[in-house]
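Asker: To start, I am sharing the structure in question, which I have written as structure tokens.
What follows is calculated from the coordinates using simple rules that are stated; it is not laboratory data. Keep in mind the model is a prediction, meaning the values are calculated, not measured. Reconstructed Cβ throughout: ideal geometry from the backbone, glycine too, with neighbour counts over all protein chains shown.
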Amino acid sequence: MSSPDEESSRDDVSPRRIEDPAAFIRAETRPRPVPLVPEVRLYLADEAVPIWQRTEEELGEIGLPPPFWAFAWAGGQALARHVLDHPEIVAGKRVLDFASGSGLVAIAARLAGARAVEAADIDSFARAAIALNAELNGADAVTPCPDDVLGRDEGWEVVLAGDIAYERDLAARVFAWLEALAARGAQVWIGDPGRSYLPRERLEKLAEYGVPVSRELEDSEIKHTAVWRPKPA
Ligand SMILES: C[S@@+](CC[C@H](N)C(=O)[O-])C[C@H]1O[C@@H](n2cnc3c(N)ncnc32)[C@H](O)[C@@H]1O
């Protein structure tokens, strides 16, 4: 995110913690309805680059991952829409929203009647955003989960994952894990617009959506996105 000049001028800046991530999120975003899921409002950023830069400045670090939590990604929007339109998928169930980002899918699951939703994300800003967004939508029983749950099985009845096929290594690990969870009987649902590392041949497509997205982040204004499940083993 930073030019080499900026990097060298920041070499003496020690990494630090943002004292109040919730205050940072409130200052850098504003609550807005999600285009495909207007019944959910999220603290969203207008543009990616300024908030990315300000995160790096605040933390005194460079090369951070993008602020995924400040956007509603196409895969998450499609999966949230699908869950709200088919509440029987989650109603009364214990649900994991893996790679939750803003918490959009977790919030949709709770609004659709899930008993309890764990919203797992390894990014501490995402977990602060999940808490704020859950509160904004009155979605109690959505719990931001700080542990790296990838590879674990904590008995979830439903596992949801929006937009997780954007990095090769991550996708390889995630899909092997999701297939194992499905094989033991968990209901696994994935929202994805066909990112580079989506293993389509191992998935079945259940539904399709045209998702309004930002041209700053994507290659079109409407991203053709599907809801998938692992093929039975
Ligand atoms: C493209 S965003 C998708 C966010 C959200 N599901 C959506 O669709 O809007 C991917 C998210 O995966 C998270 N992530 C990456 N590796 C992870 C891991 N091992 N465990 C949990 N979350 C992870 C990132 O921090 C990021 O928030």
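Asker: Share of antiparallel DSSP beta bridges in the chain, in percent to the nearest 5?
Answerer: Within the chain, antiparallel bridges account for around 50 percent of the total.
Asker: When the chain is treated as a GNM, springs tying every alpha-carbon pair under 10 Å, which of GLY63, GLY75, GLY162 comes out with the largest mean-square fluctuation?
Answerer: GLY63
Asker: Mind checking the full-extension length gain between ALA180 and ILE18? Use 0.36 nm per residue of separation minus the Cα-Cα distance, one decimal, nm.
Answerer: Difference between extended and current length: 54.6 nm.
Asker: Would you mind estimating how fast the range 23-71 diffuses translationally, via Stokes-Einstein at 25 °C and 0.890 mPa s with the Kirkwood radius over Cα pairs, in µm²/s?
Answerer: Stokes-Einstein gives a translational diffusion coefficient of 214 µm²/s.
Asker: Cut-off 10 angstrom, C-alpha nodes, Gaussian network model of the chain. Which of ALA78, ALA141, ALA129 fluctuates the most?
Answerer: Its mean-square fluctuation being the largest, the pick is ALA141.
Asker: Just need the relative contact order of the chain here, percent rounded to a whole number, with Cα pairs under 8 Å and 6+ apart.
Answerer: Averaging sequence separation for qualifying contacts and normalising by length gives 18 percent for the chain.
Asker: With only Lys, Arg, Asp and Glu charged, each at its Cβ (+1 for the first two, -1 for the last two), find how big the charge dipole of the chain is about the Cα centre; round to the nearest 20 debye.
Answerer: Value, rounded to 20: 1080 debye.
Asker: Give the dimensionless ratio obtained when the Cα radius of gyration of the chain is divided by 2.2 N^0.38 Å.
Answerer: Cα Rg divided by the expected 2.2 N^0.38 Å: 0.99.
Asker: Take the chain, mark every one of the trypsin sites (Lys or Arg not before Pro) that falls in a DSSP loop and has at most 11 other Cβ within 10 Å, then report the longest stretch left between them, sites excluded.
Answerer: My reading of the result: 18-183 is the longest stretch.
Asker: Of LEU36, LEU42, LEU198, how do they rank once you tally other Cβ atoms within 10 Å and put the fewest first?
Answerer: LEU198, LEU36, LEU42
Asker: Something else about it: Dipole of the range 52-109, Cα-centred, from +1 at each Lys and Arg C-beta and -1 at each Asp and Glu C-beta, to the nearest 20 debye?
Answerer: In debye, rounded to 20, the range 52-109 gives about 300.
Asker: For the chain, set up a Gaussian network in which alpha carbons nearer than 10 Å are linked by springs, and say which option among GLU28, GLU201, GLU157 fluctuates the most.
Answerer: Of GLU28, GLU201, GLU157, the Gaussian network model singles out GLU201 as fluctuating most.
Asker: While we're here: Expressed as an acute angle from 0 to 90° and rounded to the nearest 10, what is the orientation of the C-alpha long axis of helix 48-59 relative to the principal long axis of the chain?
Answerer: The angle comes out near 60 degrees.
Asker: Could you pull the Cα extents of the range 127-201 along its three principal axes, largest to smallest, in whole Å?
Answerer: 38, 27, 19
Asker: Give a residue-ordered list of calculated ³J(HN,Hα) values for the range 182-197 (Karplus: 6.51 cos²θ - 1.76 cosθ + 1.60, θ = phi - 60°; whole Hz; x for Gly, Pro).
Answerer: 5, 5, 8, x, 5, 8, 10, 10, 10, x, 7, x, x, 4, 4, 10
Asker: Using 0.36 nm per residue of separation minus the Cα-Cα distance, give me the extension gain between ARG94 and ARG30 in nm, one decimal.
Answerer: Extra length from ARG94 to ARG30 when fully extended: 20.0 nm.
Asker: Give me the Kirkwood hydrodynamic radius of the range 58-101, using the inverse of the mean 1/r over all pairs of distinct Cα atoms, in Å to one decimal.
Answerer: Averaging 1/r across every pair of different Cα atoms and inverting gives 12.9 Å.
Asker: By count of other Cβ within 10 Å, fewest leading, how are ILE164, ILE107, ILE18 ordered?
Answerer: Result, fewest neighbours first: ILE18, ILE164, ILE107.
Asker: What is the order of VAL105, VAL159, fewest Cβ neighbours within 10 Å to most?
Answerer: By the 10 Å Cβ count, ascending, the order reads VAL159, VAL105.
Asker: A further question follows. On a C-alpha basis, how far is the centre of the range 199-222 from the centre of the range 110-149 in Å? Whole number, if you could?
Answerer: First find each Cα centre; the distance between them is then 23 Å.
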